[in-house]
Amino acid sequence: MKQRYLTFISFFTLSFGIVILSCGNSTEEESTIQNTLFSAASNEQFNDYWYKGKAEIVTYELAQARYGEIHEGTAVQIFVTEPFNVTKQVKSDRQTDRDVNAFKMNLTRKFNTGIYPYSVMTSAFNTVNTNDPSEIIKVTNSSQEWCGHTWSQMNRSKKGFDYTLYSYFESESDISSELNSFMSEDGLWSQVRMNPSLLPQGNLEIIPGLHFLRFRHLPAKPYAAKAEIVTSDDYNTYVITYSEIRRTFKINYQPTFPFQIISWEEIYPSGFGSGADMVSTTGKAIHTELLPYWELNSKSDSVYRKQIKLD
């Protein structure tokens, strides 16, 4: 599986343009990253949907497990394509021939626990690729609540990911480490949307979602898992089962393009120890809209919030 994720392509052509990844005067590490991150010619259907200058916004009814109870809330997932500077691993201000086309996924969760609110956000950047497994370039996660906030980030490197964590908890504050893995659960959302038939299956080692690692205060590392695609008459389900941490993660998606995500579920222990009860967090899609949200920032544009079921 790792070999599939380290395919070497220096030049590639997109049906919506040409992007050249040249080693040029890059450092050895920059060149390695550029050569292992690539895009491929995608079909007209894909381009018509994802390259029309709009983002897909999906609003979910959220039932979030926390502190042994289920808390109602709202989740919003945003998928959009944008140019990405591989060297700096950030969105490009001005696109150049050294950039890649990134498929960005943002997922926000907002819910209350008793008197105080939680706001959690994950951002994942994959290369656009419909013909081979997409490369995950970068993942970030932040969580804010009245006790404090945490921030974690994974950046693609030659060996896997460079990981950093900043937290208000003493035991996990200011951590930096190297992860010898190229497979991140947070990057698999986008693989579902680009080409779910290429989702990794079988016995694997996967870095769980960064939000989950923080909720459970677990170290960031690859965990043994088994992944499979389960089909039904109405939708397909991508299931990841982590035996070591007693967690199951499911994404239910439409079997035809654009492979929209219908719902998702996380099942894991609440509390610690062998007697901890299993709880379930779910997100159920209630509205999907294509909008250039970055342009809708005036007071008059607030009417769109009702349109996407946020008011």
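Does the stretch 232-242 contain any residue that is under 20 Å from residue 217 (Cβ atoms), out of contact with any helix residue (DSSP H, G or I) (no Cβ under 7 Å at 6 or more places or on another chain) and assigned to a strand (DSSP E or B)? Yes: the stretch 232-242 contains one or more residues that are under 20 Å from residue 217 (Cβ atoms), out of contact with any helix residue (DSSP H, G or I) (no Cβ under 7 Å at 6 or more places or on another chain) and assigned to a strand (DSSP E or B). Checked against the criterion of being of a type in the set (S, T, N, Q), part of a strand (DSSP E or B), over 26 Å from residue 305 (Cβ atoms) and within 19 Å of the chain's Cα centre (by Cα), the candidates 106, 101 yield just one match: 101. Within the stretch 180-189, the presence of at least one residue that is modelled with pLDDT under 95, surrounded by 18 or more Cβ atoms within 10 Å (Cβ to Cβ), of a type in the set (Ser, Thr, Tyr) and farther than 26 Å from residue 235 by Cα is confirmed. None of 277, 301, 311 is surrounded by fewer than 14 Cβ atoms within 10 Å (Cβ to Cβ), more than 26 Å from residue 202 (Cβ to Cβ), of a type in the set (Asp, Glu) and touching a residue at least 12 places away in the same chain (Cβ under 8 Å) except 277. Among the residues examined, residue 309 does not qualify as among the basic types (Lys, Arg) and in a strand (DSSP E or B).
From 218, 204, 213, grab the single residue that is among the hydrophobic types (A, V, I, L, M, F, W, C) and buried (at least 21 other Cβ atoms within 10 Å of the Cβ). Just a single option satisfies the conditions, and that option is 213.
I want to confirm something. Restricting to the stretch 59-98 and keeping residues that are acidic (Asp, Glu) and not in a strand (DSSP E or B), which single residue is surrounded by the fewest Cβ atoms within 10 Å (Cβ to Cβ)? If we take residues in the stretch 59-98 being acidic (Asp, Glu) and not in a strand (DSSP E or B), then 93 is surrounded by the fewest Cβ atoms within 10 Å (Cβ to Cβ). Checked against (1) closer than 24 Å to residue 101 by Cα; (2) among the charged types (D, E, K, R); (3) free of Cβ contacts under 8 Å to residues at least 60 places away in the same chain; (4) surrounded by fewer than 18 Cβ atoms within 10 Å (Cβ to Cβ), residue 158 passes all but a single condition, namely (3).
No other residue among 117, 200 is part of a loop (DSSP other than H, G, I, E, B), under 26 Å from residue 78 (Cβ atoms) and modelled with pLDDT of 95 or more apart from 200.
The values are calculated or read from the model by the stated rules, or taken from the named source; none is laboratory data. As the structure is a computational prediction, the values presented were derived from the model and not from experiment. Cβ sites come from the backbone with ideal geometry, for glycine too, and all protein chains shown count toward neighbours.
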